[in-house]
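So the structure is just underneath, and the comments pick up after that.
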Amino acid sequence: MEERTLWGEFGKGVFAQNAVFVLAVGLCPALAVTTGVKNAVAMGVAVIFVLVCANTLVALLRKLIPQEVRIPCFIVIIGSFVTMVEIVFKGKLPPEINASLGIFLPLIVVNCIILYRAESFAYKQGVLRSLLDALGIGVGFMLAICLVAGVREILGSGTIWDYPWVPISWPVRYVPASILIQAPGAFLVLGLLLGFFNWLRGRLLAPRKA
Amino acid sequence: MDVGQLLTIAVSAILVSNFVLARFLGLCPFIGVTQKTENALGMGAAVTFVMFLASFATFLLYRLVLLRYDLVLALKTPMFILVIASLVQLVELFMRAKLPALYQALGIYLPLITTNCAVMGVALLNTTDAPLAFRGMSIGAGLVAASWRGICAGLGFTLAMLLMSGVRERLARADVPPALRGVPIAFICTGLMAMAFLGFAGMV
């Protein structure tokens, strides 16, 4: 296995191994809660919290957790942190954000990103590295869903963070393409963004031709 | 529980709020296992079966334990995922011992189902969703409704898987731009399919 600096451990999750655009995991929330940037940020924060706590705890306990029952142990650890987020969000966040996160907040428990990092990284690595890895993957996930949400919100409802991006005083108005806020728009935007990043990666990594 | 209510649940779960195309649940197998029609059908059957069992078990747990002892907020998520994970293990053991033929066909999909969010999703929806709230029903009627919705949601999932595998078998021979090959074009096709399914909106 290649050796990485601590900074590299964080950075790989943001770009080279971005959960959504490169590894293509955790796609359900990337589509479901990206109707607006606000929801995406709330979801991103929740995922970062669960991912960082679960990864750190798994790394701390990795010598104690027996090989045969590791998956149930991971699930219990993840489930406990998800419940903490649920309780805090229910008390602190406005009801409309809670309503649009809906069942996708408890569904973080089956989000493949978190189980995948616990299994493939935290169960084998030290605490500090696991923490940084989780932070990187989490931030990468949040940036990715914010990008999807940004495109959908700007084009689909004509707003950014709930404020119209064409000032009301202007004589022109943007007519939102509301299909982007509905289910088909989510699939189309994510498909096109995935294609764009594939193309970009091909351009950046391909050897330059004379 | 009359036939009309059951029909409403069926139409809603299969067509109007299709779990894949309208609710964004179960996308990993939808993208991962739809290269071939046989695989898509096998996965669909396995998921439908587990969704039925999971709906049944989690609804009972919710009504008899969580609601009665006021543990919904604190224990719902961890309890549900544990019940689903154990159910999948149980089904796998049972199938291997008693139904080897079926195990041969569906066995490889079973471990994947634990982390399939459609299964957890239907369990959560059965115990939260406002418009089709089963929580107000008597326990027997609620159990029937929840299990039936599990089956129908599974059928809707299978329908989406089948449609997608048909599309992808054609796509494999199509001339797709290199950057869009694989997952991106699959998502764009899904978007068009979801647009078609929007036509069912308002039926229920």
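The values are calculated or read from the model by the stated rules, or taken from the named source; none is laboratory data. This structure is a prediction, so every number in the text was calculated from the model and none was measured. Because the Cβ atoms are built from the backbone with ideal geometry, glycine has one as well, and the counts that use them run over all protein chains shown.
Name the residues in the stretch A:48-71 that are over 21 Å from the mean Cα position of the chain (by Cα) and under 20 Å from A:Gly26 (Cα atoms), would you?
Scanning the stretch A:48-71 gives a single hit, A:Ile71.
Could you count how many residues in the stretch B:85-110 are crowded, with 18+ Cβ neighbours inside 10 Å, away from chain A (no Cβ under 14 Å) and either touching a residue at least 24 places away in the same chain (Cβ under 8 Å) or closer than 27 Å to A:Val82 by Cα (or both)?
3
Restrict the check to the stretch A:48-69 and report whether at least one residue is surrounded by 20 or more Cβ atoms within 10 Å (Cβ to Cβ), away from chain B (no Cβ under 14 Å) and either closer than 13 Å to A:Val110 by Cα or among the acidic types (Asp, Glu) (or both).
yes
Condition check: buried (at least 19 other Cβ atoms within 10 Å of the Cβ) and under 30 Å from A:Leu190 (Cα atoms). Does B:Ile113 satisfy that?
Yes; evaluated as a whole, the condition is true for this residue.
Yes or no, residue by residue, for (1) crowded, with 24+ Cβ neighbours inside 10 Å; (2) over 28 Å from A:Pro164 (Cα atoms); (3) without any contact (Cβ under 8 Å) to a residue 24 or more places away in the chain; (4) within 14 Å of chain B (Cβ to nearest Cβ):
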residue	(1), (2), (3), (4)
A:Gly11	no, yes, no, no
A:Ala16	no, yes, yes, no
A:Ala19	yes, yes, no, yes
A:Val22	no, yes, no, yes
A:Thr35	no, no, no, yes
A:Ala40	yes, no, no, yes
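Does B:Cys152 satisfy the criteria of being part of a helix (DSSP H, G or I), within 17 Å of the chain's Cα centre (by Cα) and touching a residue at least 24 places away in the same chain (Cβ under 8 Å)?
yes
Just for the stretch B:119-146: of the residues that are more than 9 Å from chain A (Cβ to nearest Cβ) and buried (at least 21 other Cβ atoms within 10 Å of the Cβ), which one is modelled with the lowest pLDDT?
So, considering only residues that are more than 9 Å from chain A (Cβ to nearest Cβ) and buried (at least 21 other Cβ atoms within 10 Å of the Cβ), the one modelled with the lowest pLDDT is B:Phe134.
It is to be established whether one or more residues within the stretch A:180-195 are away from every other protein chain (no Cβ under 14 Å), outside any helix (DSSP H, G or I) and out of contact with any Asp or Glu (no Cβ under 6 Å at 6 or more places or on another chain).
No, the stretch A:180-195 has no match at all.
Out of the helices (runs of 4 or more DSSP H) lying entirely within the stretch B:1-84, which hold 2 or more residues that are away from every other protein chain (no Cβ under 14 Å) and modelled with pLDDT under 90?
B:3-11, B:37-61
Collect the residues in the stretch B:30-39 that are within 22 Å of A:Gly26 (Cβ to Cβ) and surrounded by fewer than 24 Cβ atoms within 10 Å (Cβ to Cβ), keeping them in residue-number order.
B:Ile31, B:Gly32, B:Val33, B:Gln35
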